[in-house]
């Protein structure tokens, strides 16, 4: 029987309340709670990941896989904390910052978040535009316009409630995951190398460090950390402390499933590039080069699947980035602009990059490094607030969780410090040099 988008949202909310009341049992009871993490996970398979992972695999083979694994574990932890903050407080992280921090700090955080949002949208918009350009041979400038219209159409589903847009974005994540399952079969990576380099750290010199920070920036996304806390609060509102704890248990499953899929896709991006492009290219290969090289090496099917996944990634992540931008602005400064206007404003950097003829892949990787440099700000705020009992109540972090969050934030900050150290021409510590 056909159900309207509004009916889909109402039915999901009713099913969730039935589960909380103990009226439904079995594994299927988790289904009404799945969704928020899948929207946030789109940020972890966006075109910036394509650029960073493909360049990393083509330039350094399998050796940066451990960075992907470590970054994904960090992402799981911080997305879980973000979801918990939203469930425990009924507010998003930007709203909590506005409530507890002084105005100067809040406006500084908002400015940094808007820079990160612009870098995010640049990556996502460029990725979708490149996909349209290569798949349908549209001029890149026209492709950006089509991308803008398509992402606005996706965002328009939000007026019907949370479930329709969750369903569509979840389907696009499924397309991306299926595409990389096909690419894994076609590229035949060395399984032993994949397993070894997934757990054994390696860092070379400036080039590899730049890409490692780019991978972290492409994996742990500032706007996803902010967004997740807002997504959980609007779905199923807990009526008691016990219900809040039960919702959080289900949300942890949501995070685990969504982030596991995102992590596997990121690993597949890198090891596909390592298997196909490493030793064939003198330097890191870009997205356009990857497509053109895949076609003669693995055939038209592999190249076509690659472009389909890139297009699905760009469209879904661009829509999610706009959602996050709205929530960040409203949370930090209590101001909201029409969605159409925000969509137009965030298109400007992409249009400029295309119109000026800049290298799209270089712009994508640089945007991910910008994101990584901004990333410690939301991570510090999230760690600090989830450690406060006056904010979280009974859902405050236990000591081990608090220490792990602080350690993760410190690791991201250290990577950024090493990158800045080398960028300004200083000698890397610990004897790191060369490729």
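The values are calculated or read from the model by the stated rules, or taken from the named source; none is laboratory data. From a predicted model like this one, the values you see are computed outputs, not experimental measurements. No Cβ is skipped: glycine too gets one built from the backbone with ideal geometry, and neighbour counts run over all protein chains shown.
The residues of segment 175-208 that are part of a helix (DSSP H, G or I) and buried (at least 20 other Cβ atoms within 10 Å of the Cβ), listed by number, are 176, 179, 180, 183, 187, 197, 208. The set of residues in segment 398-420 that are surrounded by 14 or more Cβ atoms within 10 Å (Cβ to Cβ), closer than 14 Å to residue 386 by Cα and either more than 21 Å from the chain's Cα centre (by Cα) or at pLDDT below 90 (or both) comprises 401, 402, 409.
Applying a threshold of 9 Å to beta carbon distances and a minimum spacing of six or more residues, or different chains, the list of pairs starting in segment 289-317 at a residue that is at positive phi and surrounded by fewer than 20 Cβ atoms within 10 Å (Cβ to Cβ) and ending at one that is assigned to a helix (DSSP H, G or I) and modelled with pLDDT of 75 or more reads 299/186.
Of the helices (runs of 4 or more DSSP H) lying entirely inside segment 1-108, those containing at least 1 residues that are under 22 Å from the mean Cα position of the chain (by Cα) are 36-41, 47-60, 65-89, 93-100.
Report yes if some residue within segment 380-389 is at pLDDT 90 or above and outside any helix (DSSP H, G or I); otherwise report no. The answer is yes, given that some residue of segment 380-389 is at pLDDT 90 or above and outside any helix (DSSP H, G or I).
When every residue of segment 37-48 is checked against the conditions, none turns out to be over 21 Å from residue 130 (Cα atoms), surrounded by fewer than 24 Cβ atoms within 10 Å (Cβ to Cβ) and in contact (Cβ under 8 Å) with a residue 60 or more places away in the chain. Here residue 334 fits the description: modelled with pLDDT of 75 or more, more than 17 Å from residue 173 (Cα to Cα) and over 24 Å from the mean Cα position of the chain (by Cα). All conditions but one from (1) surrounded by 18 or more Cβ atoms within 10 Å (Cβ to Cβ); (2) within 21 Å of residue 328 (Cα to Cα); (3) at pLDDT below 90 apply to residue 134; the one that does not is (2).
Filtered by the rule that a residue be crowded, with 16+ Cβ neighbours inside 10 Å and either over 13 Å from residue 351 (Cβ atoms) or free of Cβ contacts under 8 Å to residues at least 60 places away in the same chain (or both), segment 147-157 gives 150, 151, 152, 154, 155, 157.
For segment 211-234, the criterion of being modelled with pLDDT under 75, in a loop (DSSP other than H, G, I, E, B), over 15 Å from the mean Cα position of the chain (by Cα) and farther than 21 Å from residue 370 by Cα is met by at least one residue.
Search segment 421-431 for residues being part of a loop (DSSP other than H, G, I, E, B) and surrounded by fewer than 16 Cβ atoms within 10 Å (Cβ to Cβ), and hand back the single one that is modelled with the highest pLDDT.
Only one residue fits best here, namely 424.
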